[in-house]
Amino acid sequence: MLEDILQEKFGHKAFRGQQKKAIENILRNRNTLVIMATGSGKSLCYQLPAIVKEGMAIVISPLIALMKNQVDALNAKGIKAACYNSSIPKKVLSLIKEEVKEGKLKLLYVAPETLNKEETIELLQNVNISLIAVDEAHCISDWGHDFRPEYRNTRKAIEALGYPPIIALTATATPKVEYDILKSLEIEDSLTIRSTFHRPNLYYEVLPKQQTERKIVSFIKNHPGESGIIYCHSRKKTEELVEILKLNDINAASYHAGFDTKKRIHNQDQFLASKVDVIVATIAFGMGIDKPDVRFIIHYDIPKSLEGYYQETGRAGRDGEKSYCVLFFDEQDVIKLQKLNRHKTATEREINNRLLNELSTFSHSAVCRTRQLLYYFGEEKKEICHHCDNCQEERVTYLAQDEVTLLLETILATKERYDQVSMIKILTGIKEEHLNYDEKEMPNFGKGANHTQKKWNSIFKQLLIDGYLVIENPEIEIAHLTKKGKDFLTKPYPIKLLEDLSFELSDSEKAKKKGSKGTYDLGLFGKLVNLRDQIAIKNNIKPYLIFQEKALKALATYFPTTIEQLAQRTNVRISQVHKFGQAFIDVIKTHIEENNIEPPTHVVVKANTAKSTKKIHLIQQIDRKVDLREIARQNSMTYGALIKELEEISSGGIKLNLSYYIDTILEKELQDDLYEYFQEMKDDNIEQALEDLEDEFSEEEIRLMHIKFLSIASY
Ligand code: ADP
């Protein structure tokens with residue numbers, strides 16, 4: 001009995017979901033495609049048959065690191081298994097070969113590129129192969145979120161090995177990817193076993209990407225001690241974000257491909273053992289991670305596809321408890337990713353852009369998130385989920401009887417020949433040269449021009465999800481009318497559709513965003529600049545010697561209301577803060593009151609602790625009058641980078657006495673000339689100074705004297 005083996009070898013009492021059906025099918029030597037969510041127990045679907053059947057199973061798996069874990073786990077259960085890939089030392093490899101030849105193994109895990117090698121095929125041709133499991137089978141499709149070209153050759157290896165039964169497994173497959181898997185492996189005859197993609201314990205939410213750090217910090221503060229993953233595109237961002245979180249007493253660590261294996265494993269283990277609450281990672285993190293209590297997944301940057309999104313959010317709430325998936329959307333991120341696609345081949349570009357479009361459509365749509373996701377994976381869900389932002393918040397609806405009639409009629413009039421893009425062009429009256437429209441079939445050409453293409457896209461999508469239209473062939477993506485669609489045309493009725501969401505910033509918000517890398521209050525900033533300039537006039541000093549613009553932007557970001565907070569936010573010397581600070585605080589307080597602003601209590605100064613330590617070290621070395629080039633060498637930085645760092649320190653109001661060094665590179669008289677120039681200068685504009693003085697002084701001399709000037713002139 002299969003249950004006995006399940007109990008004896010794997011220690012499980014009963015099969016989960018459709019595991020048994022998949023196992024029985026492959027045991028009958030029938031090809032099988034298993035589409036089940038991550039964590040549902042796919043491995044068992046090929047591991048158990050591998051034990052039962054005679055011979056050795058081959059498991060094709062893309063991730064060498066995960067193979068080892070699986071093999072170790074099997075060996076621990078007394079099931080003989082091994083890995084066969086490029087990372088294994090030659091000596092060990094020849095031992096494994098011997099075991100394979102002698103028929104001692106029940107499972108052999110192989111990387112696709114290793115399997116495709118002639119010598120591997122030769123080795124395996126003389127072995128009794130029980131089955132071939134193609135794990136992470138979506139990697140075979142270039143419509144998948146993780147396409148791996150080497151997977152494409154799997155079919156050739158299968159042929160060379162005499163067509164053993166195939167079991168392909170994946171956690172994510174849209175109808176298109178499913179079609180691709182079956183076709184590429186030539187297993188169209190296979191039984192597809194699919195579990196639902198519905199995750200009722202996940203709460204989905206899409207937010208505009210504004211004040212993101214602040215929102216993330218408050219979110220985590222509201223979920224103290226819970227485990228979560230934050231995904232970013234760049235390594236740099238992961239590290240920056242970790243610093244901000246740490247500053248806010250959040251126990252976080254980063255994870256990306258730039259770390260060596262040791263550090264990666266260390267950070268991952270800390271997270272798995274719940275010693276670190278939050279991991280900020282690039283997408284490299286999470287595959288094969290089996291942590292049941294991940295309570296939230298935050299996408300700081302958008303994922304590259306809806307499939308990737310589902311896969312990544314799927315790492316939350318494996319234990320079935322309520323968990324959150326928050327995606328921060330910004331159209332600029334879409335544009336950025338499209339730009340990154342520029343150098344790819346035309347086909348890759350087209351695919352990537354379409355995947356991105358799906359993600360963008362999902363983000364903008366006001367339709368229940370779960371219904372959208374399930375539709376994407378080919379599942380029908382009639383009811384809304386009640387556990388996403390679109391279900392829980394009020395969304396704008398409109399009655400669209402005329403629009404729906406026009407769209408459905410046009411599809412019929414054009415004999416259900418065109419895809420969505422072409423249909424919408426016809427409706428909005430845009431001719432496409434390559435399509436030879438038959439004028440007679442075009443009674444509705446341009447009749448929908450009163451709406452934008454975006455709006456028509458939204459209507460089209462809703463009619464698909466609501467079952468008025470259906471795409472029968474995932475390869476060509478042409479929509480046909482369903483019975484419901486045809487019935488509607490016979491007897492039209494008002495249909496309530498949802499208006500898309502807008503993530504566009506208002507003009508003032510745009511201005512705010514443009515003016516600073518983070519977000520600061522433009523109105524307050526203006527008031528602070530005015531105040532500073534008045535004080536400057538009264539005291540007959542240059543405004544930037546009181547507070548530089550950078551410091552004022554920090555004040556307009558963090559709204560400090562005490563002298564201590566002000567000192568902390570600006571990095572300005574305490575004496576200066578005491579001298580002028582109160583006036584600034586008064587302006588901030590009034591502004592907060594007048595505008596009903598809730599100051600960010602959670603997000604503390606965005607300063608970087610590691611950087612601060614480094615800065616302190618540099619200041620100490622300068623106090624000890626160490627030669628600047630020597631300081632750069634000792635800190636493994638270029639001389640130019642050191643000067644930049646010193647500029648940053650001095651612009652924060654910290655005095656740096658560089659005379660000891662400047663005296664060795666520049667005569668006193670020339671120093672005086674430069675000093676005078678800076679005194680005359682209206683604004684603190686180093687770029688202008690470099691341009692004005694480039695014939696007489698080197699960049700190094702100008703920059704260093706500028707630092708000296710700021711240090712002497714400031715209060
Ligand atoms: P997937 O490959 O689908 O992501 P795994 O095969 O890694 O999932 O299994 C996830 C977890 O579920 C593992 O810890 C596994 O031991 C457990 N599991 C699998 N099948 C069963 C079962 N029938 N009963 C209980 N636990 C199971």
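Roughly to the nearest percent, how much of the accessible area of region 90-130 is carbon and sulfur, given a 1.4 Å probe?
Values: 1150 of 2330 Å².
The value for region 90-130 is 50 percent carbon and sulfur by accessible area.
Rounding to the nearest 10 and keeping the result within 0 to 90°, find how far the Cα-based axis of helix 90-101 lies from the longest principal axis of the chain. Helix 90-101 and the main axis of the chain meet at about 20 degrees.
Net charge of the neighbourhood of SER458, taken over other residues with C-beta under 11 Å away and scored Lys/Arg +1, Asp/Glu -1, is 0. Compared with the dominant Cα axis of the chain, that is its longest principal axis, helix 212-221 is turned about 70°. Across bins of 10 angstrom width beginning at 0, how are the C-alpha pair distances of region 404-491 distributed, in whole percent? The percentages, shortest bin first, are 17, 55, 27, 1. Sites listed here are GluC sites (Glu not before Pro) in region 651-715 whose DSSP assignment is loop and whose Cβ has at most 11 other Cβ atoms within 10 Å: GLU667, GLU694. Expressed per residue, the C-alpha convex hull volume of region 117-253 stands at 188 Å³. Take the Cα of GLU150, go 7 Å toward its beta carbon, and the backbone nitrogen atoms of region 41-64 under 14 Å from that spot belong to 60-64.
The slack between ASN539 and ILE265, meaning 0.36 nm per residue of separation minus the straight C-alpha distance, is 92.9 nm. Each residue, GLN7 and LEU464, gets one label point 7 Å from its Cα in the Cβ direction; the gap between the two is 4.8 nm. Using a cut-off of 21 Å between Cα atoms, the listed pairs LYS9/LYS53; LYS21/LYS104; LYS209/LYS339; LYS68/LYS156 include LYS21/LYS104; LYS68/LYS156 as exceeding that distance.
Obtain the nm distance between the two label points defined at THR590 and ALA76 by a simple spin-label model: each point lies 7 Å from its Cα along the Cα-to-C-beta direction. For THR590 paired with ALA76, the spin-label model returns 6.7 nm.
Go through region 113-206 and name the trypsin sites (Lys or Arg not before Pro) that are in a DSSP coil and have 15 or fewer other Cβ atoms within 10 Å of their Cβ. It would help to have the intermediate numbers written out before the result.
Working: sites: LYS117, ARG152, ARG155, LYS156, LYS176, LYS183, ARG194; in loops: LYS117.
Sites meeting the loop and neighbour criteria: LYS117.
Once you reduce region 1-50 and region 445-460 to the center of their Cα atoms, the two points are 48 Å from each other. On the principal axes of its alpha-carbon atoms, region 240-280 has extents of 28, 22, 10 Å, going from largest to smallest.
Strictly over 20 Å apart at the Cα level, which of LYS550/LYS682; LYS106/LYS262; LYS246/LYS291; LYS176/LYS455; LYS454/LYS496 would you flag in this model? Intermediate results must be reported in sequence, preceding the final value.
Working: LYS550/LYS682 17 Å; LYS106/LYS262 31 Å; LYS246/LYS291 22 Å; LYS176/LYS455 25 Å; LYS454/LYS496 18 Å.
Over 20 Å apart, Cα to Cα: LYS106/LYS262; LYS246/LYS291; LYS176/LYS455.
Reducing region 244-297 and region 111-130 to their Cα centroids gives an inter-centroid distance of 36 Å. For region 218-377, the orientation-averaged shadow of the C-alpha convex hull comes to 10.1 nm² (one quarter of the hull surface). Applying the criteria of a DSSP loop state and at most 15 other Cβ atoms within 10 Å to the GluC sites (Glu not before Pro) of region 131-212 yields GLU186, GLU188. Residues in region 450-458 carry Karplus couplings, in order, of 6, 10, 6, 4, 4, 5, 5, 4, 5 Hz; the curve used is 6.51 cos²θ - 1.76 cosθ + 1.60 with θ = phi - 60°, and Gly or Pro positions show x.
Take every Cα pair under 8 Å in region 333-423 that's 6+ residues apart, average their separations, divide by the length, and report that relative contact order as a whole percent. Kindly include the intermediate steps, with their values, before the conclusion.
Details: 45 pairs, mean separation 14.3, N = 91.
For region 333-423, the relative contact order is 16 percent.
Note on the chain: Cα-Cα pairs beyond 37 Å make up 54% of the total pair count.
As a test of understanding, state the convex hull volume per residue of region 333-426 from its alpha carbons, in Å³.
Details: hull volume 14.4 nm³, N = 94.
Residue-normalised Cα hull volume stands at 153 Å³.
Relative to the current alpha-carbon distance between GLN688 and GLN453, full extension at 0.36 nm per residue lengthens the span by 79.9 nm.
I'd like to know how region 10-154 sits against the 2.2 N^0.38 Å rule of thumb: what's its Cα Rg over that expected value? Mind dumping the intermediate values first?
Numbers: Rg = 14.9 Å, N = 145, 2.2 N^0.38 = 14.6 Å.
Against the empirical 2.2 N^0.38 Å value, I get 1.02 for region 10-154.
For region 1-63, the orientation-averaged shadow of the C-alpha convex hull comes to 4.7 nm² (one quarter of the hull surface). Entry for region 38-92 at q = 0.14, 0.17, 0.18, 0.30 Å⁻¹: log10 I(q)/I(0) = -0.40, -0.59, -0.66, -1.46, Debye formula applied to identical alpha-carbon scatterers, no solvent contribution. Any chance you could check the Cα centroid distance between region 305-357 and region 360-416 for me, in angstrom? A separation of 20 Å, based on Cα centres.
For every helix of n ≥ 4 consecutive DSSP H residues, a contribution of -39,500 (n - 2.57) applies; sum these over the chain, divide by its total residues, and give [θ] at 222 nm rounded to the nearest 500 deg cm²/dmol. Don't jump to the answer; show the numbers that get you there.
Details: 33 runs with 349 residues, N = 715.
Estimated from H runs of four or more residues: -14500 deg cm²/dmol.
In this structure the chain gives 48 Å² per residue of accessible area when probed at 1.4 Å with all protein chains present. Spin-label model, GLU379 to GLN125: label points 7 Å out along the Cα-to-beta-carbon direction sit 4.4 nm apart.
TYR675 to VAL92: extension gain in nm, 0.36 nm per residue of separation minus the Cα-Cα distance? Don't skip to the answer; put the middle values down first.
Working: separation 583, 0.36 × 583 = 209.88 nm, distance 7.06 nm.
In short, 202.8 nm is gained.
With everything on Cα atoms, drop me the angle between helix 668-680 and the longest principal axis of the chain, reported from 0 to 90° to the nearest 10. Result, in degrees: 80.
The values are calculated or read from the model by the stated rules, or taken from the named source; none is laboratory data. As the structure is a prediction and not an experimental result, all values here were calculated from the model. Virtual Cβ from ideal backbone geometry, glycine too; neighbours counted across all protein chains shown. Accessible surface areas use protein heavy atoms only, side chains included; no ligands, DNA or RNA. Shrake-Rupley method; radii C 1.70, N 1.55, O 1.52, S 1.80 Å.
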